[in-house]
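Beneath this line is the structure, given in structure tokens, with notes to follow.
Any read-out appearing in this document is the output of simple, stated calculations on the displayed coordinates, not a laboratory observation. As the structure is a prediction and not an experimental result, all values here were calculated from the model. Note that we place each Cβ from the backbone using ideal geometry, even for glycine, and neighbour counts take in every protein chain shown.
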């Protein structure tokens, strides 16, 4: 072998050795830095295990997705079911309102029809004042009927912290018409029409029934001259008056009747069951006064008594 050939072989071996050493150093540097190599060569057993792991993860992910979707759709179904139920309730409510509206509409039409008839009657009346007076008289009768169990005590002095129940029981003992606590439904004072009046406020007593009222009122009137002295009430002596509980309209009319009767010499004026009655003397007929127009009966039919 020549010298040149020997050197050529040595150089080739040296280059091969250097190349090998260079590649090994590059791999070691990459491993130290934690970087992945450009390619990975796996054995067959390792590859199969990785595929199985991937399939397992995919199935797990798929199950989670399906469970999430099922939960989502269940919630939506519940919402839709609730919406349908609410919608049905709303339909029922709307139907109820429609029915009520129809009822109200019918009632309105009925009232309108009645008002139309009343208006026709009112317009066709020859004397509207007579119609108004007739309505007023009917209302007065209704109010009077609501007071048919009441009496009115006049001129009884007022005192602070007075016990009206004890007072009425005391009066009942004096007139010999005893009552118990169940006979009196209510008792109270009422203010005067004129607030400047110095007289005591009248007392209204409501009895349990009309018979009790009539018996008590009759006994009180028979006890003529009943005063606060007889009731053993201290202070100035006052005479008491017991009347039926009249409406304001009848009170005013009764005052006018008394004035007309006194002017024309009539001897008797009184009230019985809400009716205002007058009589000229013991033998003359009894006259019932129902309105101001009846005052003329005191003058025209009987005339003054000398």
Expressed to two decimals, the stretch 52-195 has a Cα Rg over Rh, using the Kirkwood radius, of 1.51
On the formula 1/(1 + (r/R0)^6), with r taken between the Cβ atoms of residue 98 and residue 135 and R0 of 51 Å, the FRET efficiency rounded to 0.05 is 0.85
For the pair residue 227 and residue 256, the simple spin-label estimate (label points 7 Å beyond Cα toward Cβ) gives in nm 3.6
Normalised Cα Rg of the stretch 50-124, dividing by 2.2 N^0.38 Å with N its residue count, works out at 2.82
The distance between the Cα centres of the stretch 144-159 and the stretch 262-287, in whole Å, is 22
